[in-house]
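Visitor: Sharing a structure, written as structure tokens. Questions coming.
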Amino acid sequence: MERSEAYSFSAAMSGAFLLSCLLFAAINRRQRGPYMDEVFHVPQAQAYCHGRFLQWDPMITTLPGLYLVSVGVVKPTAWLFGWTGSVVCSAGMLRFINLLFSAGNFYLLYLLLSKIHQKNKAVSGFQRILSTLTLAMFPTLYFFTFLYYTDPGSVFFTLFAYLMCLYGNHKTSALLGFCGFMFRQTNIVWTVFCAGNVVAEKLNEAWKTELHKKKDERISARKGSFSDLIRMLQFLIKYLISPKNLVMLTALTWPYIVLVTVFFGFIFINGGIVVGDRSSHEACLHFPQLFYFLSFTVFFSFPHLLTPTKIRKFLLSLQKHPVQYSLITVISLFLIWKFTYVHKYLLADNRHYTFYVWRKVFQRHELVKYVLVPVYIFAGWSFADTLKSKSIFWILMYFVCLLAVTVPQKLLEFRYFILPFLIYRLNIPFPSLYRQLLELAFYIVVNAVTFYLFLNRTFQWPNSEEIQRFMW
């Protein structure tokens, strides 16, 4: 990092943290007590603060990583500053842990952008810092910086594991992946993603060698005819059934294999992935979740995905491949027809934005969910088009992980989209400065509206005196 870039990065990070501290103070003045899921998280962390490590709230569905880290930070800090009484492990003190995670995420996002795009010499330090600031303010994640939820810590350890994987420190990456797993069990998918990065890199090297051998056949590494796809699948099968290759890949990815083995041991002992209340967190094949994620991504990345050029390219693609798109449409309609699930929380909890998205859009008419298929197809095409700079094996690995982390979820919850979105956004090519500024401005507006609604547009339920607030 050059000196000028270092100064600019320090200024951006310090300014963002100061702004977050001011916003943190405003939110804690208005909402002093636990809110929403904090009703479960805060008392559990306070029990750990008082040494009651065997006490567990059965309504909590995640492992105790957040509470263990909180106690590990708060207790030494309280001893150092001489804090006693209710301030130690209060709701405000526990929420501040996520503010620290947010600062860590800012730094990790910068390091990841620098590492992933290190070969792109056209990208300036200012663009890296601007993209870091934008992603750090990603509305769905940024909002939970100010509440005692698992999301900021979950993102921190997962991004840290990804960074270590990119630098080849796989044992450290697996250890950090375990920390992420302790925050949220589904983060094991991103451990598989890290292992997949290693495998995809080796596959890509071997495939390039294969292409070099058959240079005269002009096989494309990324896109081509159906025969090219068959040839690639044959190569993939041949490569993965080779004992020599399997031994080599195992030697490279064994830390991740150990962690995944531990995960399956946990599943066997626990009787499922969810701890605590399982009645509201049943796994199912909810394929439309992928469509919701793609729509979510287009909404938050519209400066990159929803452009006149993209639309023209998509329409040309439709003209060139009508049969393929017709088949995709039929499959999409079938998946929506047979695999759409509506969670009871989605219909009952009017504090979440998803409640209004579902009511205002999907519940207008039974046919709406089918009418949106062209939007989903465009979103999927545009999403894949921005990843074409990556190898076909990386794309395949990412999509497998994306399916694994979204499809089993019955509840439509925007928080579940945070990590797959960030990993996608980190890996697409740097857009123009204008599009970066537009994206940042959009995030600032969305955050401003979100916090305004949360702080000022409160309401009450008919049979309750508690103040309710709108949130993601």
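The values are calculated or read from the model by the stated rules, or taken from the named source; none is laboratory data. All of these numbers come straight from a predicted model, not from anything done at the bench. Note that each Cβ is placed from the backbone with ideal geometry, even for glycine, and that neighbours are counted across all protein chains shown. To get the accessible areas, we keep the full protein, side chains included, count just its heavy atoms, and leave off ligands, DNA and RNA. Shrake-Rupley method; radii C 1.70, N 1.55, O 1.52, S 1.80 Å.
Visitor: Could you count how many residues in segment 147-201 are surrounded by fewer than 24 Cβ atoms within 10 Å (Cβ to Cβ), in a helix (DSSP H, G or I) and of a type in the set (Ser, Thr, Tyr)?
Guide: The qualifying residues number 2.
Visitor: Continuing with this model, one more query. Write out, first by first residue and then by second, each pair whose Cβ atoms fall under 9 Å of each other, whose residues are 6+ apart or on separate chains, and whose first residue, in segment 410-438, is open to solvent by less than 20 Å² (accessible area, probe 1.4 Å) while the second is small (Gly, Ala, Ser) and not in a helix (DSSP H, G or I).
Guide: Phe421/Ser301; Tyr424/Ser301; Arg425/Ser301; Asn427/Ser389; Ile428/Ser301; Ile428/Ser389
Visitor: Could you grab me the full set of residues in segment 445-472 that are surrounded by 12 or more Cβ atoms within 10 Å (Cβ to Cβ) and assigned to a loop (DSSP other than H, G, I, E, B)?
Guide: Scanning segment 445-472 gives Thr458, Ile467, Arg469, Phe470, Trp472.
Visitor: Any residue in segment 239-268 that's touching a residue at least 40 places away in the same chain (Cβ under 8 Å) and open to solvent by 70 Å² or more (accessible area, probe 1.4 Å): show its pairings with residues that are assigned to a helix (DSSP H, G or I) and of a type in the set (S, T, N, Q) at Cβ separation under 9 Å, as long as the two are six or more apart or on different chains.
Guide: So the pair list comes out as Ile257/Thr250.
Visitor: Taking the residues in segment 1-27 that are assigned to a helix (DSSP H, G or I) and among the charged types (D, E, K, R) as candidates, determine which candidate is nearest to Leu112 (Cα to Cα). Lay out the reasoning, then the answer.
Guide: Pass one, segment 1-27, residues assigned to a helix (DSSP H, G or I): 3-27.
From what is left, the residues that are among the charged types (D, E, K, R) are 3, 5.
On the way: Arg3: 19, Glu5: 16 Å.
Among them, the one singled out is Glu5.
Visitor: Only one of these is under 24 Å from Ile467 (Cβ atoms), modelled with pLDDT under 95 and polar (S, T, N, Q): Gln31, Gln44. Name it. Explain how you work it out, then say what you get.
Guide: Working: Gln44 fails: modelled with pLDDT under 95.
Matching residue, one of Gln31, Gln44: Gln31.
Visitor: Look through Leu18, Leu68 and report the one residue that is modelled with pLDDT of 95 or more and over 24 Å from the mean Cα position of the chain (by Cα).
Guide: Details: Leu68 fails: over 24 Å from the mean Cα position of the chain (by Cα).
One residue alone meets the criteria, Leu18.
Visitor: State yes or no: is Gly265 among the small types (Gly, Ala, Ser), within 30 Å of Lys171 (Cβ to Cβ) and part of a helix (DSSP H, G or I)?
Guide: Numbers: among the small types (Gly, Ala, Ser): yes; within 30 Å of Lys171 (Cβ to Cβ): yes; part of a helix (DSSP H, G or I): yes.
So Gly265 fits the description; yes.
For every residue, the table says whether it meets (1) on the phi > 0 side of the Ramachandran plot; (2) of a type in the set (Phe, Trp, Tyr); (3) modelled with pLDDT of 95 or more.
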| site | (1), (2), (3) |
| --- | --- |
| Gln324 | no, no, no |
| Ser332 | no, no, yes |
| Ile336 | no, no, yes |
| Arg351 | no, no, no |
| Lys360 | no, no, no |
| Val375 | no, no, yes |
| Asp385 | no, no, no |
| Phe399 | no, yes, yes |
| Glu413 | no, no, no |
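This table checks each residue for (1) open to solvent by less than 80 Å² (accessible area, probe 1.4 Å); (2) closer than 26 Å to Trp472 by Cβ.
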{"position": "Ile311", "(1), (2)": "yes, no"}
{"position": "Leu315", "(1), (2)": "no, no"}
{"position": "Val323", "(1), (2)": "no, no"}
{"position": "Lys344", "(1), (2)": "no, yes"}
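Visitor: Pull up segment 37-70, narrow it to residues that are among the aliphatic types (A, V, I, L, M) and open to solvent by 20 Å² or more (accessible area, probe 1.4 Å), then point me to the one that is nearest to Tyr148 (Cα to Cα). It would help to see each step written out before you state the result.
Guide: First pass over segment 37-70, keeping only residues among the aliphatic types (A, V, I, L, M): 39, 42, 45, 47, 54, 59-60, 63, 66, 68-69.
In the following step, the residues that additionally are open to solvent by 20 Å² or more (accessible area, probe 1.4 Å) were identified as 39, 54, 59, 63, 68-69.
On the way: Val39: 9, Leu54: 21, Met59: 16, Leu63: 15, Leu68: 13, Val69: 12 Å.
Residue satisfying both the conditions and the ranking: Val39.
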